[in-house]
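*Asks:* Just dropping this structure here.
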Amino acid sequence: MIKTKDLTKRYGRTTAVDGVALDVREGDRYGLLGPNGSGKTTLVRMLLGLVFATRGEIEVLGLPVPRRVREVLPSIGALVEGPGAYPNLSGRTNLALFDAAGPGGRRRDRRARIGQALERVGLAGIDRRPVRAYSLGMRQRLGLAAALLRPPRLLILDEPTNGLDPRGIREIRDLLVELNRDGATVFLSSHLLSEIDAFCSRVGVMDRGRLVVQDDLDRLRTPTGRVTLGTPTPERVVALLDGRVEHRAGETLTVRHDDPGALNAELVAAGVTVTAIAAQRRTLEEVVLAATTGSSDRVDAAVEAGR
Amino acid sequence: MIRVELAKLFRRPRTYVIAGLLCVLPLIVAIFLATTRIPPPPGQGGAFLSAVLSNGALYPAAAMALVLPVFLPVSVAVLAGDAVAGEASAGTLRYLLVRPVSRSRLLVAKLISLIVFVLFAILAVLVTSYLTGITLFGAVTSSAGVALPPDVTSLSGVTISPAGLALRLLGTVAYIVISMVGVAAIALFLSTVTDSALGAAMGALAVLVTSQVLVTLDAAAAIRPYLPTRYWLAWIDFFREPVLWRDIERGAGIQLVYLVVLLGAAWANFLTKDVAT
């Protein structure tokens, strides 16, 4: 779906995106994670032909970008760095203008398509008020509706839940899951770990312009070689396992052990009641912290703050 | 895309505000003239202004002479400066481009919508000033037609038929549109360079003011024929008998050169530009 090779973008002396090899496969729910200023937005803009790469190759839906980007874009729904709309016009008029601006999309069913898109994003009841009067969350939903005007094969969404409240975030996530189930590949970028963790099947992590991690979420969250277990008699477990207990918090213990099943059998054989047992996995946060160097909006002395 | 641009143009209140302001200036001048009946001495003040006292039907021509040197170019520069830069800073440019709209088509659509705006504004001024002239000064309509004012024709007593007057007005409108397209091209080019609509408009106005100053400067006589504003008032030659084509042709030619060069520059710049806003 999306493949880049050695993709690099320089602005003067700063390198915004540095040698990125992105690989998004058909049907993926790909989450691009990275702090603000790590190059996510520049990368997204290059995928859409808005910003031209200094070096490297991009292939989207099998076609080279930016050379044949105009053949690619009609199958893409995009939200780039916040929604954009004409503030003096109503939401419906905005969608109608954007729809009329591009090729394809018959005029006759425009109203119906706009109504459908608005309904999907939860704006079916908007009136003739101008966009100027919309809240940030409403504008975000309107931007999403614009991305859904033609059924997209690929959704490229930059920070799609910006400005939404928790319920709104949940609604949008459900909508994206539904679209993905219907066959759309979703590529979204975010600086919020929780959002990526809850939605994505595949994760890329950007740090100072470089793609430092790219893998399936399940694979990233490898077992740590520890087991957390709950028991009403922690003292007996500590005595029994003799030194393998690393951490104890009330009735929850962290034990150094590779196989929760074997551990369970061992404990039960010794007559210990086990109320909960599971292999401990790395959290996404740990993965990200291990892969990234530091907060990019931090400016330390004598360290050039890269974009 | 052109339809979309026109929809945006005519759905924005500012289009009507600017056209309204353009109509108000001739109205104010007319009110002063009508109440005091003090004509500017022949050869000074706006063209046609002394003639309208005797014939209100000429007031549209006088209104053009009032609006053209400053007011109309300023409004064209403001709108053209906003054309691309305004979309960029509002965040709508990137959504148009991913729709996708080709960058060349977007530029052409912007230029066409600017031409339509100029036509709209000129027609508004012509209609309102004609009504103003008729009501405030009265029209001297004889079957022989309208007498051209002596300060313009240098021959008093030449009359042209109403059809002839209409034809000459049409030529005037066309010439002014061409002149304003030159202004639009300057501002449109700057609008693709900067993301600040205000900056682009200011830049275009700076070019025009510089040109106006140099036109009056004898030391700059060598470059005078190539200045964008040099032939702006050549449309007055449409009201001479016979029509004096020399300046009109030169003026139109220069504006076309400016248009081609600057639009080409705007196109080349916009096509390779990173849209990072």
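No lab work stands behind these numbers, since they all come straight from the coordinates. Since we're looking at a predicted model, the values are computed, not measured. Cβ placement follows ideal geometry from the backbone for every residue including glycine, while neighbour counts extend to all protein chains displayed.
*Asks:* Arrange the peptides A:211-221, B:126-136 so that the one whose residues have, on average, the most other Cβ atoms within 10 Å appears first.
*Replies:* Ranking the peptides A:211-221, B:126-136 by packing returns B:126-136, A:211-221.
*Asks:* By counting other Cβ atoms within 10 Å of each Cβ, how are B:TYR226, B:TYR95 ranked from fewest to most?
*Replies:* Ordered by Cβ neighbours within 10 Å, fewest first: B:TYR226, B:TYR95.
*Asks:* Where is the GNM fluctuation largest for chain B (alpha-carbon springs, 10 angstrom cutoff): B:ALA174, B:ALA201, B:ALA166?
*Replies:* Greatest mean-square fluctuation among the candidates belongs to B:ALA166.
*Asks:* Follow-up question, since we're still on this one. Relative contact order of the stretch A:135-191: what whole-number percent is it, with Cα pairs under 8 angstrom and at least 6 residues apart? All intermediate terms of the calculation are to be shown ahead of the outcome.
*Replies:* Values: 49 pairs, mean separation 26.3, N = 57.
In percent, rounded to a whole number, it is 46.
*Asks:* On to the next question. What do you get when you divide the Cα radius of gyration of chain B by 2.2 N^0.38 Å, with N the number of residues? Please report the intermediate quantities before stating the final value.
*Replies:* Numbers: Rg = 20.0 Å, N = 277, 2.2 N^0.38 = 18.6 Å.
That ratio works out to 1.08.
*Asks:* Further, regarding this structure: From the helices alone, meaning DSSP H stretches of at least four residues, give me the mean residue ellipticity at 222 nm for chain A, per-run term -39500 (n - 2.57), in deg cm²/dmol to the nearest 500. Display every interim value, and only then the final one.
*Replies:* Details: 11 runs with 99 residues, N = 307.
Theoretical 222 nm ellipticity from helices: -9000 deg cm²/dmol.
*Asks:* Find which of A:GLN280, A:ALA147, B:VAL243 sits farthest along the positive direction of the dipole of the protein assembly as shown, computed with +1 on the beta-carbon of Lys and Arg, -1 on that of Asp and Glu, about the Cα centre.
*Replies:* Result: B:VAL243, furthest along the dipole toward the positive end.
*Asks:* Could you give the length gained by full extension between A:SER194 and A:SER75, i.e. 0.36 nm per residue of separation minus their alpha carbon distance, to one decimal place? Display every interim value, and only then the final one.
*Replies:* On the way: separation 119, 0.36 × 119 = 42.84 nm, distance 2.84 nm.
Length gained between A:SER194 and A:SER75: 40.0 nm.
*Asks:* Of all DSSP beta bridges located in the protein assembly as shown, what percent are antiparallel, nearest 5?
*Replies:* 70 percent
*Asks:* Mind pulling the angle between the C-alpha long axis of helix B:162-193 and the longest principal axis of chain B? Nearest 10 degrees, somewhere in 0 to 90.
*Replies:* Approximately 30 degrees, to the nearest ten.
*Asks:* While we're on this one: Taking each residue of A:89-99 in turn, how many C-beta atoms of other protein chains fall within 10 Å of its C-beta, and what is the average?
*Replies:* 3
*Asks:* Quick one: if the Förster radius is 56 Å, what FRET efficiency do A:ASN264 and A:ALA100 give, using the C-beta to C-beta distance and rounding to 0.05?
*Replies:* 0.30
*Asks:* Further, regarding this structure: Within 10 Å of each Cβ of A:47-57, how many other protein chain Cβ atoms are there on average?
*Replies:* Mean inter-chain Cβ contacts per residue within 10 Å come to 3.
*Asks:* Distance in nm between label sites at A:LYS3 and B:ARG240, each 7 Å beyond Cα in the beta-carbon direction?
*Replies:* 7.0 nm
*Asks:* Right, another one. By how many nm would the segment from A:ALA239 to A:THR14 lengthen if fully extended, with 0.36 nm per residue of separation less the alpha-carbon distance? Can you show the working numbers first?
*Replies:* Details: separation 225, 0.36 × 225 = 81.00 nm, distance 5.79 nm.
So the extension gain works out to 75.2 nm.
*Asks:* Pick from B:VAL29, B:VAL84, B:VAL74: which residue has the top mean-square fluctuation in a GNM of chain B where Cα pairs under 10 Å get a spring?
*Replies:* Result for chain B, Cα springs under 10 Å: B:VAL29 fluctuates most.
*Asks:* Relative to the longest principal Cα axis of chain A, at what angle does helix A:110-120 sit, 0 to 90 degrees, rounded to 10?
*Replies:* Compared with the principal axis, the helix lies near 20 degrees.
*Asks:* In addition: What is the order of B:PHE32, B:PHE117, fewest Cβ neighbours within 10 Å to most?
*Replies:* Exposure proxy ranking, most exposed first: B:PHE32, B:PHE117.
*Asks:* Roughly how many nanometres apart are two label points built 7 Å out from the Cα toward the Cβ at A:ALA278 and A:THR224?
*Replies:* According to this spin-label approximation, the distance is 1.3 nm.
*Asks:* Turning to a different aspect of this structure: First measure r as the distance between the Cβ atoms of A:ASN88 and B:ILE38, then evaluate 1/(1 + (r/R0)^6) with R0 = 51 Å and state the FRET efficiency to the nearest 0.05.
*Replies:* About 0.70, to the nearest 0.05.
*Asks:* Under 10 Å, Cα contacts only: if you run a Gaussian network model on chain A, which one of A:LEU43, A:LEU188, A:LEU61 comes out with the highest mean-square fluctuation?
*Replies:* A:LEU61
*Asks:* Evaluate peptide A:80-87: per residue, the Cβ atoms of other protein chains within 10 Å of its Cβ; return the mean as an integer.
*Replies:* Average neighbour count from other chains, rounded to a whole number: 5.
*Asks:* Under the definition of Cα pairs under 8 Å and six or more residues apart, what whole-number percent is the relative contact order of chain A?
*Replies:* It comes to 22 percent, rounded to a whole number.
*Asks:* In degrees from 0 to 90, rounded to the nearest 10, what is the angle of the helix B:13-36 Cα long axis to the longest principal axis of chain B?
*Replies:* 20 degrees
*Asks:* Which net charge results for the neighbourhood of A:LEU263, defined as the other residues with beta-carbon distances under 12 angstrom from its beta-carbon, given Lys and Arg at +1 and Asp and Glu at -1?
*Replies:* Details: positive: A:ARG226, A:ARG244, A:ARG256; negative: A:ASP258, A:ASP259, A:GLU266.
Taking every Cβ under 12 Å from that of A:LEU263, the sum is 0.
*Asks:* Okay, moving on. What are the semi-axes of the equivalent ellipsoid for the protein assembly as shown, taken as the square roots of 5 times the Cα gyration tensor eigenvalues, largest first, in whole Å?
*Replies:* 69, 24, 19
*Asks:* Residue by residue, what Karplus-based ³J(HN,Hα) values in Hz, rounded to whole numbers, does the stretch A:218-234 have, using 6.51, -1.76 and 1.60 with θ = phi - 60° and x for Gly and Pro?
*Replies:* In residue order, the calculated couplings are 4, 5, 5, 8, 5, x, 8, x, 10, 10, 9, 9, x, 8, x, 10, x Hz.
*Asks:* Give me the distance in nm between label points sitting 7 Å out from Cα along the Cα-to-Cβ direction at B:ILE31 and A:THR293, one decimal.
*Replies:* 6.8 nm
*Asks:* Next question, about the same structure. Between A:GLU285 and B:SER102, how high is the FRET efficiency from 1/(1 + (r/R0)^6) when r is the Cβ-Cβ distance and R₀ = 35 Å? Nearest 0.05.
*Replies:* The formula returns an efficiency of 0.20 here.
*Asks:* Turning to a different aspect of this structure: So what is the relative contact order of chain B, in percent, for Cα pairs below 8 Å that sit 6 or more residues apart?
*Replies:* RCO, chain B: 25 percent.
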